[in-house]
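Worksheet for the structure shown next.
The numbers here are math on the coordinates, done by the rules we state, and not lab data. Owing to the predicted nature of the structure, the values given are computational and were not obtained by experimental measurement. Because the Cβ atoms are built from the backbone with ideal geometry, glycine has one as well, and the counts that use them run over all protein chains shown.
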Amino acid sequence: MSNDILVNIEHIRGEVAEISYVMCAAAHQLSQATGGEVYGVLLGSGAENLAKGLAADKILYVDDPRVANFTSEAYQQTLQNILNEHEPRAMLFGHTSIGMEIANILSAKTGLPLISSCLYFSNGSSPKFTSLLYGGKILAQGELPSTTCLITMVPGGYKPEDGHSSKESTVLNTAPPIFDESRMSLVKYIEPDSSDVDIASEPLLIAIGRGIQLEDNIEIAEELAEAIGGIVCASRPVVDQGWLPTSRLVGKSGFRVKPKVYLALGISGAPEHVEGITGSEIIIAVNTDPAAPIFNIAKYGVVEDIFDLIPALTEKLSES
């Protein structure tokens, strides 16, 4: 087993996912403890240009049409071959729909231990990890297993910009394994309704979560948004109820937003939601639960009932 850290570089439709930069930043810290190098693992077809800007010592690039788009079968066979060849100290995956699927399959196929929902690492006599449990309500710490381990990373512990680099990485072209016949293929991407506002480009977002309780209560968030010139968006529970369209969904299964101000109303701060808001300049959280994980990433927080605070705030702003 080597001391190197491998990072699965997620990308979709020609763009590197932000979680990939978070993982590169995490991998560099972990490599300081292990004494190894950071390898980005990039699978694709004609996608070598995506290696630019990644903070990795080397890039293992597999260029093959069968991994041009993600399918769990092709990725599993390719990454398992790379794991067998390099035997790294650890391999990082995003705690995303792609990362979780492939990391779980690889763990089951290889018997390698899997650490899930890792937020950050700490270095000492031996590297330790801190993971989120129960939607971020509990932080669990442990030592990395002595064998190669697979790790899914959640956003929030490292800044994406720390995973960028102006220095070009050495790209090592890696031959794909001999594939078994794949039973899966990409059919099409399903796009959200483009007739609505683009929340990813809005500078001020008013986000509502489970704490809004009823569809009729969305009105108080809309009144506040009108008073300050913002747009209402939501976390997964609100959209699942059909109260707002998917074009307003923020999170790993929705949009990643980068507003100047993100006001989170009644949102607990589950990792799936946090993944979509780490690019916000200022996060302000309002929640009745002082232990809500959203307060861990918010610059300002208010422990208060949104039904008491928001109408009063709207009235005050409307007067000015």
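Under 5 Å between amide hydrogens, built in the peptide plane, is the criterion, and for residue 120 it picks out 130 among residues at least 5 positions away or on other chains.
What size of dipole, in debye to the nearest 20, comes out for the chain about its Cα centre when the only charges are +1 on Lys and Arg C-beta atoms and -1 on Asp and Glu C-beta atoms? So the dipole magnitude of the chain works out to roughly 900 debye. Annotation: the antiparallel percentage among DSSP beta bridges lying fully within segment 5-173 is about 35.
Above 38 angstrom, tally the Cα pairs of the chain and express them as a % of all pairs, no decimals. Please report the intermediate quantities before stating the final value.
Numbers: 9958 of 51040 pairs.
Pairs farther apart than 38 Å: 20 percent.
The charge dipole of segment 199-319, taken about its Cα centre with unit charges on the Cβ atoms of Lys, Arg (+1), Asp and Glu (-1) only, comes to about 660 debye.
Remark on residue 10: its backbone amide H falls under 5 Å from those of 17, 20, a criterion applied only to residues 5 or more positions apart or on other chains, H modelled at 1.01 Å from N.
Taking the Cα centre of segment 111-215 as origin, work out the dipole magnitude from +1 charges on Lys and Arg Cβ and -1 charges on Asp and Glu Cβ, in debye rounded to 20.
Details: 7 positive and 12 negative charges, 113 e Å.
Here the size comes out at about 540 debye.
In summary, the aspartates and glutamates within cross-link reach of residue 167, defined as a Cα separation below 18 angstrom excluding same-chain residues under 8 places away, comprise 37, 48, 57. Phi angles across segment 265-278 convert, under the Karplus curve 6.51 cos²θ - 1.76 cosθ + 1.60 with θ = phi - 60°, into 3J(HN,Hα) values of 10, x, 10, 6, x, 5, x, 5, 7, 4, 4, x, 10, 5 Hz, Gly and Pro given as x.
Report, for the chain, the % of DSSP beta bridges that are antiparallel, rounded to 5. Of those bridges, close to 20 percent are antiparallel. In sequence order, segment 205-216 has phi-based couplings of 10, 9, 9, 10, x, 4, x, 6, 6, 10, 4, 4 Hz under the Karplus curve 6.51 cos²θ - 1.76 cosθ + 1.60, θ = phi - 60°, and Gly or Pro positions carry x. Bridging of residue 128 to aspartates and glutamates at a Cα separation below 14 Å is possible for 143, once same-chain residues fewer than 8 apart are set aside. With a ≥ b ≥ c taken as the square roots of the eigenvalues of the C-alpha gyration tensor of segment 27-126, please select rounded if a/c is under 1.5 and otherwise prolate if a/b is larger than b/c or oblate if it is not? It comes out oblate by the Cα gyration axes.
Could you state the number of Å between the C-alpha centres of segment 289-312 and segment 56-129? Answer, in whole Å: 36. What's the percent breakdown of Cα-Cα distances in segment 5-173 across 10 Å bins, shortest bin first? All Cα pairs considered, the percentages come to 11, 44, 37, 8, 0.
Note on residue 299: aspartates and glutamates with a C-alpha under 17 Å away, same-chain residues under 8 apart excluded, are 275, 281, 289.
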